[in-house]
Amino acid sequence: MKRTIRTTALTVGALVAALGLPAGAAHADDTTPRIDLRVLVVSDGGPSTDAIAAELDTAGTPYTEIDLTRSGRPVIDAGFLADTVDGRPRAKYQAVVLPNDNPFAAGSTEMAALAAYEQTYAIPQVDAYTYARPQAGLQYPVNGGYSGSVDGAQAAVTSAGRAGPFGYLDGSVPFEDNDPAVGESYAYLSTPVAGADFTSYVDAPIPGRQTRGSLVGEYRHDGRRELVVTFVYNQYQQQFRLLARGIVEWMTGGVHLGASRNYFAVHVDDVFAADDRWNTTLNCTPGDIDCTDPGATPDPIRMTSADVDHATAWQDSRHFTLDLAYNAAGSVDEREDNNGVDALADKFVADRGEFRWINHTYSHAFLGCVQDIAVVPWKCATNADGSTRWVSRKEISDEIATNRVWGQSAKLPLEHDELVTGEHSGMKILPQQPEDNPNLALALGDNGIGWLGSDNSRDPAQRQVGPATTVPRYPMNVFYNAGKAAEQVDEYNWIYTSRAQGGSGICEDNPATTTCLAAPLDTATGYAGHIVPLEKRIALGHVLSNDPKPHYIHQSNLAEERIAYPLLNGVLDGYEALFADSTPIVNLRMKDIGTELQRRAAWRAALQAGRITAYRIGDAVTVEAPDAVAVPVTAPTGTTRAGAAFGTAYAGQGSGWTPAAGTPLGLTLPASAAFPAADASEAAAATDPAPDTHVPAGVTAQVPYSADN
């Protein structure tokens, strides 16, 4: 039975008693304001406010957005911002995000209402991207500062930033420069106005001078606090991704709904099997159904026991665990062909505890429709009545169960409810098979499968397939049929160059493809010089985006020249150079990733339905949610729940998911989480509208690169 949520306003004393909090958990004064845990985002349609909104979305932090470009929008006045609940003043928003320090017309009553609101309730304001000017606490750039491109700039977190909201970073904040022909970043670098209470958190060298200019800083004035950001960005750029967490922690005082981590997981498919090699002459892979040359002979790539030793040593050195998706038939066939000997399987089984293992089906069979390979590309075979012929429920079940039994006999540490089918088959694949094999869901139920790997490039949303929930996986553009760098580059050239250059023409037919090449790569240098840096940037972008979805490669990439390791090392080295020890990469197995995605979906649905109530009164936080929804909360270290420490430490905060139990979730904040007082000097409020700021075309147009395999 579903429980109906009823929000009840309690006096502080009643709240403390109801939540079982210590008597000092909230102020005794009933006039202490209630601050709702929601952010107000005022947008002008620019990329910077959109980026902050996207960060709040991903973390699960509720916000209300006002689009200044839309007619009929709500007017921001005192009633919109605050009211009274049972005699207690209530601030409806814990923070305000503006496109700049003042996006309104001169003399705006809306800006005046915001300023008064911020003064009254100690509400911080983020200026998402503003011009450096005295109204924002900074000198004009013409006075010894700089305005212009900062592509490739090496910014850094200041000592105040490290001690404050950006302490999760190691110090360096490199700005991207992905295309010399495109202006990607623009900034105003400047120093504080004399006498201004301004603290820079992130700065960069001012070109041609021996000084540094602020990029992100806090300006206290007129009883208000502003986070002044003077560079433009979009949600995909690395510099924003590095600073996004700190922006949110600053504006919320580290107390907000939602939680985020930096995740990285790597699945290695086809373990025990052999992957057929790309043929650089035929431009296809002998053994594949689309490689029909009668002289084509498969050339298998298979790991050796030495490759296993390398993998275990690599894991130990990186403090990272790979997930191995295995096909037992590969070992059975190897033993049949070699008088019962399979040194690879013996080594893997001996070292089985070093890895996580996933059932990848017994023989990697295609489990969707029955394929008609008499035509290229293949199509689904049909019955006499024209209906699709499907691989049967029994065949699918045998593939799952036989592989599981083999794994059990080898004592692999399996989670029996996890499965990745060969080529993610059984699920829809366009254009040939626009629907799931109806027998797949039945076979999953027969075998107790709860988590099913899917290909994020064609099925990005988590969904149900019978009893199983999908876990979308990112394909890395390191091909299954490549064990050597030169053959990887050769295939990459074939796919991503024009027909006139000897390529496939995919880019000509699909201009939106993001990995197209202007000219073929050098097979000797193209892998290290182009493919690895690009793929590293793609994967690291996922890591920095609070995205837990796993990436996948193939066992062939750990064999021969072991071409996966430069990419994996690039991601991990790049991460370690940017983040403090308090913010490690989180390396989850597939079912835990699925659970994280599932919790987020339930939380998002509850937020959208208006079923969450959360607020702060002094040092007491209260969250009410439906019984079936786990609640994500981030709070400062030292926060307690019923007297016990709350959350798991990450990035200098405590955070985590707490199941709703039919009663309000109550937290007591430490004394350090008190609202910071703004400077009460007589400096004038920023009432003049900010001048137009420069936005390079590349900033608004940039989207993340994605693998197109």
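Let's test the formula: R0 of 35 Å, r as the Cβ-Cβ distance of residue 416 and residue 83. What FRET efficiency results, to the nearest 0.05? Kindly include the intermediate steps, with their values, before the conclusion.
On the way: r = 53 Å, r/R0 = 1.53.
Plugging the Cβ-Cβ distance into 1/(1 + (r/R0)^6) gives 0.05.
Taking GluC sites (Glu not before Pro) that fall in a DSSP loop and have at most 15 other Cβ atoms within 10 Å as cut points, what is the longest piece of the chain between them?
With GluC sites (Glu not before Pro) excluded where exposed in loops, the chain gives 1-434 as its longest stretch.
With just the Cα atoms defining each centre, how far is segment 350-375 from segment 296-311? Give it in Å.
17 Å
Below 14 angstrom from the Cβ of residue 313, what's the summed charge of the other residues (Lys, Arg +1; Asp, Glu -1)?
Working: positive: 318, 347, 562; negative: 307, 309, 316, 351, 354.
Once positives and negatives cancel, what remains is -2.
What are the principal axis extents of the Cα atoms in segment 326-452, in Å, biggest first?
Largest to smallest, the principal-axis extents are 51, 33, 22 Å.
Quick query: amide H of residue 372 versus all other amide H atoms, modeled in the peptide plane; which residues come in under 5 Å with a sequence gap of 5 or more or a different chain?
For residue 372, whose amide H was placed from the backbone, the distant partners under 5 Å are 379, 380, 381.
Express the accessible area of segment 24-84 per residue in Å², computed with a 1.4 Å probe while the remaining protein chains stay in the model.
On the way: 2500 Å² over 61 residues.
Each residue of segment 24-84 exposes 41 Å² on average to a 1.4 Å probe.
Enumerate the amide H contacts of residue 213 below 5 Å, restricted to partners 5 or more residues apart or on another chain; note that Pro and chain-start residues carry no placed amide H.
For residue 213, whose amide H was placed from the backbone, the distant partners under 5 Å are 204, 206.
Given 20 °C and 1.002 mPa s, compute D for segment 424-490 with the Stokes-Einstein relation, Rh being the Kirkwood radius over Cα pairs; round to the nearest whole µm²/s. The partial results should precede the final answer.
On the way: Rh = 13.4 Å.
Using the Kirkwood radius from Cα pairs, D works out to 160 µm²/s.
Can you list residues whose amide H is under 5 Å from residue 514's amide H, if they're 5+ apart or on another chain and H is modeled 1.01 Å from N?
Here 706 satisfy the definition.
Pairs 347/428; 411/591; 428/591; 411/536: which are spaced more than 26 Å apart, C-alpha to C-alpha?
Values: 347/428 36 Å; 411/591 19 Å; 428/591 21 Å; 411/536 34 Å.
Table pairs above 26 Å Cα-Cα are 347/428; 411/536.
How big, on average over all directions, is the shadow cast by the Cα convex hull of segment 238-333, in nm²? Write down the numbers at each step before the final one.
Working: hull surface 45.8 nm².
Mean shadow area of the hull around the Cα atoms is 11.5 nm².
Once fully extended, how much extra length lies between residue 75 and residue 519, figured as 0.36 nm per residue of separation less the alpha-carbon to alpha-carbon distance? Present the calculation step by step, with values, prior to reporting the outcome.
Working: separation 444, 0.36 × 444 = 159.84 nm, distance 5.35 nm.
Between residue 75 and residue 519, full extension yields an extra 154.5 nm.
Would you calculate, for the chain, the mean residue ellipticity at 222 nm contributed by helices, counting each DSSP H stretch of 4 or more residues as -39,500 (n - 2.57) and dividing by all residues, to the nearest 500? Please list the in-between numbers first.
Values: 17 runs with 181 residues, N = 709.
About -7500 deg cm²/dmol.
Net charge near residue 281: determine it from the other residues with C-beta under 13 Å of the C-beta of residue 281, scoring Lys and Arg +1 and Asp and Glu -1.
Numbers: positive: 277; negative: 293, 299, 487, 490, 491.
Local charge sum for residue 281: -4.
Can you send over the carbon and sulfur percentage of the accessible area for segment 512-624, probe radius 1.4 Å, protein chains only?
On segment 512-624, the fraction of accessible area on carbon and sulfur atoms equals 52 percent.
If the viscosity is 0.692 mPa s and the temperature 37 °C, what Stokes-Einstein diffusion coefficient in µm²/s follows for segment 508-623 when Rh is the Kirkwood radius over Cα pairs? Could the numbers behind the result be given before it?
Values: Rh = 18.2 Å.
Answer, rounded: 180 µm²/s.
Which percentage, to the nearest 5, of the DSSP beta bridges contained in the chain is antiparallel? Could you put the intermediate results ahead of the total?
Values: 68 of 109 bridges.
Just about 60 percent of them are antiparallel.
Principal axis lengths of the chain from Cα atoms, whole Å, largest first?
In descending order, the Cα extents are 87, 64, 52 Å.
What does the accessible area per residue of segment 266-372 come to in Å², with a 1.4 Å probe and no ligands, DNA or RNA counted? All intermediate terms of the calculation are to be shown ahead of the outcome.
On the way: 4330 Å² over 107 residues.
Value for segment 266-372: 41 Å² per residue.
Which aspartates and glutamates, on any chain, are close to residue 379 with Cα under 14 Å apart, when same-chain ones fewer than 8 places away are left out?
Leaving aside aspartates and glutamates fewer than 8 places away in the same chain, those within reach of residue 379 are 290, 435.
With the full set of protein chains in place, find how many percent of the accessible area of segment 410-511 is carbon and sulfur; take the probe as 1.4 Å. Walk me through the numbers before you get to the answer.
On the way: 2030 of 3730 Å².
C and S atoms contribute 54 percent here.
Each residue of segment 530-541 in order: what ³J(HN,Hα) in whole Hz does its phi give by Karplus 6.51 cos²θ - 1.76 cosθ + 1.60, θ = phi - 60°, with x for Gly and Pro?
Couplings: 10, 5, 4, x, 5, 5, 4, 5, 4, 5, 5, x Hz.
So if R0 is 25 Å, what FRET efficiency would residue 373 and residue 337 give, r being the distance between their Cβ atoms, rounded to the nearest 0.05? Before the final figure, lay out the partial values.
Details: r = 25 Å, r/R0 = 0.99.
Efficiency for this residue pair is about 0.50.
If you add up the charges near residue 151, with Lys and Arg at +1 and Asp and Glu at -1, over every other residue whose beta carbon is less than 11 angstrom from its beta carbon, what do you get?
-4
Could you go through segment 106-118 in sequence order and give the Karplus-derived ³J(HN,Hα) for each residue, using 6.51 cos²θ - 1.76 cosθ + 1.60 with θ = phi - 60°, rounded to whole Hz, and x for Gly and Pro?
4, x, 5, 6, 5, 5, 5, 5, 5, 4, 5, 4, 5
Just the number please: accessible area per residue for segment 398-503, 1.4 Å probe, all protein chains included, in Å².
Details: 3780 Å² over 106 residues.
Each residue of segment 398-503 exposes 36 Å² on average to a 1.4 Å probe.
The values are calculated or read from the model by the stated rules, or taken from the named source; none is laboratory data. Here the structure is a predicted model, which means the values were calculated and not measured. Quick reminder, even Gly has a Cβ in these numbers, built from the backbone with ideal geometry, and neighbours come from all protein chains shown. Areas reflect the complete protein model, heavy atoms only, side chains present, ligands, DNA and RNA absent. Shrake-Rupley method; radii C 1.70, N 1.55, O 1.52, S 1.80 Å.
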